Every structure is written in structure tokens, then in C-alpha cells.
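The values are calculated or read from the model by the stated rules, or taken from the named source; none is laboratory data. Just so you know, these numbers come straight off a predicted model, no measurement behind them. Cβ atoms come from the backbone with ideal geometry, glycine included; neighbour counts cover every protein chain shown.
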Amino acid sequence: MIEIKNLSFSYITREGLFRRTKVDVLRNINLKIKKNDFVSIIGPSGCGKSTLFRLIAGLEKPITGEIRINGKELEQAEYDIGLAAQNPILLPWRTNLNNILLVPEVADNGGRKHRLKEYEKTAKELLKTVGLEGFFDRRPYELSGGMQQRVNLCRALILMPRLLLLDEPFGALDEFTREELWLVLERLWLKYSPTIVLVTHHIDEAIFLSNKVYILSSRPATVIHEEPINFSRPRKPALRYTPVFVKKAGKIKELIVKERPCAKEGAANVKSLH
């Protein structure tokens, strides 16, 4: 569904009134994501994961290279996309149900407003799927952070997008809530089958949820490794403590640690001493 070829991205920073500095963020990114697949993108902090997320979403334009959706360049592709980030940004004066329905209201295209009853039915079904059946008419301030993130996921899926992009959606949550939402997200994916691209810094999260993990280098980032994840589904929390899971996590962590700037500087210093 998604094919990225030789993708590079840079931006310009200002230092004072006159000096400008070019910062290379991504360099020669190449990857392919199949339809209905679930992949994660992981790498050192600040390597450009969120920038790659914005490029796939069409919120930024690459300097060089291309992104194709279903064989067409991103700007010409006809596809539906859902987005969810770390901050749910729910409107406090609207109920949870109406926060979800805000999307079809705003995205009114070709008479969607007259279909709000149909979307309301879909929103309630989504809320039931994520365990919020009794919270349709509650407001965001009445929910915990994990419950707000469930509403956020429902809002991202209300138009049944073929592509769902997630940027650290569980980053602000405690470990127990986070693990619970992994099961919720997997359940949504198994039921509705969107193609999902998850950006995360959490190694266990990437392995537990994905069919494949792409590992990025330090900035300017490129793909240094593709790790296939072949565990059967649905997955259970106990999977994290099995030897094969722990081994995969160790392998990915080792690759990321080597890419941290401090590790590279240390290696260079050692080399210079010899």
C-alpha cells in the first residue's frame, strides 16, 4: 500500500537574525508496507521518526525521493487516513460520542452530514469495542488518560480509513494502561483491518503490536534493519516474557543503542586512542 523510495528531508533553523543552519533529518529512506499490514517505526530519540510520520501523512513534503500510496504519488493518491498522536486533544465541552462525531462533521464532503446517524452508530460500536460502552455521554474530564486515548483511537477510525497513522499514542500512559491499550489496538486492527503505521520509542510495544519493525539510525536517519515479527494473534501479555520475545527485544535494543550519538562519540574516542 505504501512505498517510500530514496526519501530525504531537511529543514532550516535560525540562529540569531542572520545565521541559518541546515539540519538533515532523513536520508535515503526506503521501505514498503503492504495493505492491511501493521508495522512499527522505532529508533533513537530525535532521529526523525515523527518527521517520517508527517511525511507519510502528507503534512510535510520530502526534499528528494517519493512516497507512493497504492502506486500513485502521495499528492495524487486517493486514500483515507486516520491520525492519532500522543495528546488526544478532546474538546472538553463535547461528550465522548460527539468528540468522535466531530470528524465527520468537519470532513463534510459530498453530503456526509445527513449520514451523522449512521456515523453515530459506528461511533457507538467503536466505543463498545474499546470498552467504553457506558461512557457515550461523559465528557473528557471525567475519563482517565487511558480512556481518553481510547476515544482518540475511535475518532481516528470513525471514517473507517484504509490507513491509520499513530505517533506515540501511548507515550504519556503508565505501563499497565499502556499494555491494556495494546490489546485494545490489536482488537481494533483485527476487526477493521486498516493498514497501521505506528511510530514509537517503546521496543516491547513495537514487537507486541507489529508484523514488522523498521529500525532507524541516528539523524540523518535511514532504515538500518527490518525485523519480521511472526507471533500468532491475538497476542497475550505473557508473550513479553517468553525467551523468543526477550531475544528480539534485546536485538532491537542493541541496534538502537549503537545508533545513539553518545555511543557513536564514545566509539570514535576509543578508536582515536588506539
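Summary table below
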item	result
Test: residue 231 is assigned to a helix (DSSP H, G or I), at pLDDT 90 or above and more than 26 Å from residue 10 (Cα to Cα)	no
Tally of residues being buried (at least 19 other Cβ atoms within 10 Å of the Cβ) and not in a helix (DSSP H, G or I) across segment 144-160	1
Enumeration of residues in segment 252-261 that are assigned to a helix (DSSP H, G or I) and surrounded by 16 or more Cβ atoms within 10 Å (Cβ to Cβ)	252, 255, 256, 259
Residue selected from segment 211-251 under the condition over 20 Å from residue 50 (Cα atoms) and either in contact with a His (Cβ under 6 Å, 6 or more places away or on another chain) or of a type in the set (Phe, Trp, Tyr) (or both), by the criterion surrounded by the most Cβ atoms within 10 Å (Cβ to Cβ)	245
Extreme residue, surrounded by the fewest Cβ atoms within 10 Å (Cβ to Cβ), among residues of segment 171-210 that are over 19 Å from residue 147 (Cα atoms) and among the polar types (S, T, N, Q)	193
Residue list for segment 199-213, filter: at pLDDT 95 or above and either part of a strand (DSSP E or B) or of a type in the set (Lys, Arg) (or both)	212, 213
Residue match in segment 139-162 (condition: out of contact with any Pro (no Cβ under 9 Å at 6 or more places or on another chain), aromatic (Phe, Trp, Tyr) and either closer than 18 Å to residue 99 by Cβ or modelled with pLDDT under 90 (or both))	no
Flag if residue 36 is over 19 Å from the mean Cα position of the chain (by Cα) and closer than 24 Å to residue 229 by Cα	no
In segment 48-76, residue surrounded by the most Cβ atoms within 10 Å (Cβ to Cβ) [restricted to those that are in contact (Cβ under 8 Å) with a residue 40 or more places away in the chain and in a helix (DSSP H, G or I)]	52
